[in-house]
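Chemist: Before we start, here is the structure in question, set down as structure tokens.
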Amino acid sequence: MNETVKILYAEDTPEDAELTARELTRQGLAHDCTVSADLAEIEGLLARGGFDIFLSDFALKKFSAEDLLKLRNRLAPGLPFIIVTGTLPDEQAVELLRSGATDYIIKDRLSRLPTAIIRALAEKDERRKLDLARLDTEKSEARYRELFECSTDLIFLVSPEGGITITNPAFRALTGRAPAEAAALRTEALVPAAEREKLSTRIAAAIAGEPPAQFETVFVSAKGEEKTVQGAFYPRGAGGRVLYIQGIFRDITEQRSLESQFRQAQKREAVGRLAGGIAHDFNNILGAIEGYATLGMRKLEEADPLRGDLGEIRRAVAKASALTKQLLVFSRKQAIRKEPVCPAALIDNMRSMVKRIIGENIELRMEVAPGLPQLMADHG
């Protein structure tokens, strides 16, 4: 041991203190020894700290090793305390060791003292390492507990037999179950009957130690509400043995709903583009019908019966043209043009078109409040 050991020595016999120091030097233990027989001074030195070992005679003139041990326990509980005495009954030695003394050395066997000091320092260092490891473990557990409790993910532990043992608040909130109720669940109770075989297969794979794989399923709450979740089962254990499974899932119900809405919006956009294309082509056809009907009317006399028929064709073309205009506005391929519109007349004009669309097996009733004011809108 190359470092200098700082020793606090409670001894009221200078010769004994010198003899102890000489033995330590003889055995090659580098030390810096502070000797005191004053209780108040010793208390101050202990409070200030900086010592590696506390040596004490058993029976001093004004106080005893028991008094010093109590002082050590209060001010420096981790400091090794070794009693160096002429005689010490076994009963008292056992009691002192129970109270926290590290060791005791009889003065006529001082040759054991350096070894006892080295062993005490090694034990102190080992305790320090264990304390640090325990502190790290406690911090790690606290961080995991915080993550477990505060996570928005659904986290739960499953035994190899398929029983749910521990759940976090997010899991209990989604499933609508209290902690005790959640802890009594079987995993098959989480999902609908159609999903149970798939869930059992995933759990069996995790128990076999297979790498986790993400999958989607449906969790059913206590009220029967279904939530789409995505996650995996993770095998946990030691020495190649799976002790339990950790399920980590995320509620993606809203995400899947938004994706469905987006797909529907894409479909509507595609329908709109198709409707716009059809309306343009149909307008071209209507233009040709309108043109030929107009030319035909010019060649006929006013009294000619065919002139009325051609007029009906032109009126039908006008209605069809209005319909194509609606399709173009719907598909956003024509700019909206606002003008004064009478809502009652607009609704009444739609009657015939709607009746054709809905069929004869449906009765159409239209109730329009009287005196509706005009508004600025596009007729389409």
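The values are calculated or read from the model by the stated rules, or taken from the named source; none is laboratory data. Since this is a predicted model, take the numbers as computed values, not measurements. Backbone-built Cβ (ideal geometry, glycine too); neighbour counts: all protein chains shown. Ligands, DNA and RNA are excluded from the accessible area calculation, which covers all protein heavy atoms including side chains. Shrake-Rupley method; radii C 1.70, N 1.55, O 1.52, S 1.80 Å.
Chemist: Answer yes or no as to whether SER111 is hydroxyl-bearing (Ser, Thr, Tyr) and in contact (Cβ under 8 Å) with a residue 60 or more places away in the chain.
Modeler: Taking the combined requirement at face value, the residue satisfies it.
Chemist: Quick one: would you say GLU259 is open to solvent by 70 Å² or more (accessible area, probe 1.4 Å), free of Cβ contacts under 8 Å to residues at least 24 places away in the same chain and either out of contact with any Pro (no Cβ under 6 Å at 6 or more places or on another chain) or of a type outside the set (Ser, Thr, Tyr) (or both)?
Modeler: Taking the combined requirement at face value, the residue does not satisfy it.
Chemist: Something else about it: Among the residues of segment 324-346, count how many are assigned to a helix (DSSP H, G or I), surrounded by fewer than 16 Cβ atoms within 10 Å (Cβ to Cβ) and either acidic (Asp, Glu) or at pLDDT below 80 (or both).
Modeler: 2
Chemist: Which members of segment 231-281 meet the condition of being in a strand (DSSP E or B) and of a type in the set (A, V, I, L, M, F, W, C)?
Modeler: Matches in segment 231-281: ALA232, PHE233, ALA238, VAL242, LEU243, ILE245, ILE248, PHE249.
Chemist: Can you work out which of the residues in segment 104-124 that are β-branched (Val, Ile, Thr) and open to solvent by 60 Å² or more (accessible area, probe 1.4 Å) is farthest from ASP90 (Cα to Cα)?
Modeler: Step one: list which residues in segment 104-124 are β-branched (Val, Ile, Thr), which gives 105-106, 115, 117-118.
Of the ones still in play, those that are also open to solvent by 60 Å² or more (accessible area, probe 1.4 Å) are 115, 118.
Values: THR115: 21, ILE118: 24 Å.
Among those that are β-branched (Val, Ile, Thr) and open to solvent by 60 Å² or more (accessible area, probe 1.4 Å), it is ILE118.
Chemist: Evaluate segment 23-33: report whether one residue or more is more than 57 Å from the chain's Cα centre (by Cα), surrounded by 14 or more Cβ atoms within 10 Å (Cβ to Cβ) and assigned to a helix (DSSP H, G or I).
Modeler: Scanning segment 23-33 turns up at least one residue that is more than 57 Å from the chain's Cα centre (by Cα), surrounded by 14 or more Cβ atoms within 10 Å (Cβ to Cβ) and assigned to a helix (DSSP H, G or I).
Chemist: Give me the residue from segment 86-111 that is assigned to a helix (DSSP H, G or I) and out of contact with any Asp or Glu (no Cβ under 9 Å at 6 or more places or on another chain) and, out of that set, modelled with the lowest pLDDT. Walk me through it before giving the result.
Modeler: Step one: of segment 86-111, the residues assigned to a helix (DSSP H, G or I) are 90-99, 107-111.
From what's left, out of contact with any Asp or Glu (no Cβ under 9 Å at 6 or more places or on another chain): 90-91, 93-94, 98, 108-109.
Details: ASP90: 74, GLU91: 79, ALA93: 80, VAL94: 83, ARG98: 86, ASP108: 83, ARG109: 86.
For segment 86-111, the residue satisfying everything is ASP90.
Chemist: Continuing with the same structure: Under 6 Å by Cβ, and 6 or more places apart or on different chains, what pairs join a residue from segment 296-315 that is within 25 Å of ASN283 (Cα to Cα) and polar (S, T, N, Q) with one that is open to solvent by 50 Å² or more (accessible area, probe 1.4 Å) and not in a loop (DSSP other than H, G, I, E, B)?
Modeler: none
Chemist: Restrict the check to segment 204-222 and report whether at least one residue is closer than 19 Å to LEU174 by Cβ and either open to solvent by 70 Å² or more (accessible area, probe 1.4 Å) or over 28 Å from the mean Cα position of the chain (by Cα) (or both). Working first, answer last.
Modeler: First, the residues of segment 204-222 that are closer than 19 Å to LEU174 by Cβ: 214-222.
Those left that are additionally either open to solvent by 70 Å² or more (accessible area, probe 1.4 Å) or over 28 Å from the mean Cα position of the chain (by Cα) (or both): 214.
Looking for residues that are closer than 19 Å to LEU174 by Cβ and either open to solvent by 70 Å² or more (accessible area, probe 1.4 Å) or over 28 Å from the mean Cα position of the chain (by Cα) (or both), one finds at least one in segment 204-222, hence yes.
Chemist: Taking the residues in segment 39-57 that are part of a loop (DSSP other than H, G, I, E, B) and either touching a helix residue (DSSP H, G or I) at 6+ places or on another chain (Cβ under 9 Å) or among the β-branched types (Val, Ile, Thr) (or both) as candidates, determine which candidate is surrounded by the most Cβ atoms within 10 Å (Cβ to Cβ).
Modeler: ASP57
Chemist: Please tell me if PHE58 is of a type in the set (A, V, I, L, M, F, W, C) and either on the phi > 0 side of the Ramachandran plot or modelled with pLDDT under 90 (or both).
Modeler: Considered against the rule, which asks whether it is of a type in the set (A, V, I, L, M, F, W, C) and either on the phi > 0 side of the Ramachandran plot or modelled with pLDDT under 90 (or both), PHE58 comes out as yes.
Chemist: Same structure, new question: I need the full set of residues from segment 119-158 which are out of contact with any strand residue (DSSP E or B) (no Cβ under 7 Å at 6 or more places or on another chain), at pLDDT 85 or above and closer than 15 Å to GLY247 by Cα, in order please.
Modeler: Once the filter is applied, which keeps residues that are out of contact with any strand residue (DSSP E or B) (no Cβ under 7 Å at 6 or more places or on another chain), at pLDDT 85 or above and closer than 15 Å to GLY247 by Cα, segment 119-158 yields GLU149, SER151, THR152.
Chemist: Now for a different question. Give the residues of segment 48-82 that are in contact with an Asp or Glu (Cβ under 6 Å, 6 or more places away or on another chain) and closer than 24 Å to LYS129 by Cβ, sorted by residue number.
Modeler: ILE82
Chemist: Then there is this: Residues of segment 65-85 being outside any helix (DSSP H, G or I), more than 16 Å from ALA116 (Cβ to Cβ) and open to solvent by less than 40 Å² (accessible area, probe 1.4 Å), which ones?
Modeler: ALA76 - this is the single residue of segment 65-85 that is outside any helix (DSSP H, G or I), more than 16 Å from ALA116 (Cβ to Cβ) and open to solvent by less than 40 Å² (accessible area, probe 1.4 Å).
Chemist: What are the residue pairs meeting all of these: first residue in segment 230-251, first residue open to solvent by 70 Å² or more (accessible area, probe 1.4 Å), second residue of a type in the set (Gly, Ala, Ser), Cβ atoms under 7 Å, and 6 or more apart or on different chains?
Modeler: Here the result reads LEU243/GLY237; TYR244/SER159; ARG250/GLY231, each pair linking segment 230-251 to a residue that is of a type in the set (Gly, Ala, Ser).
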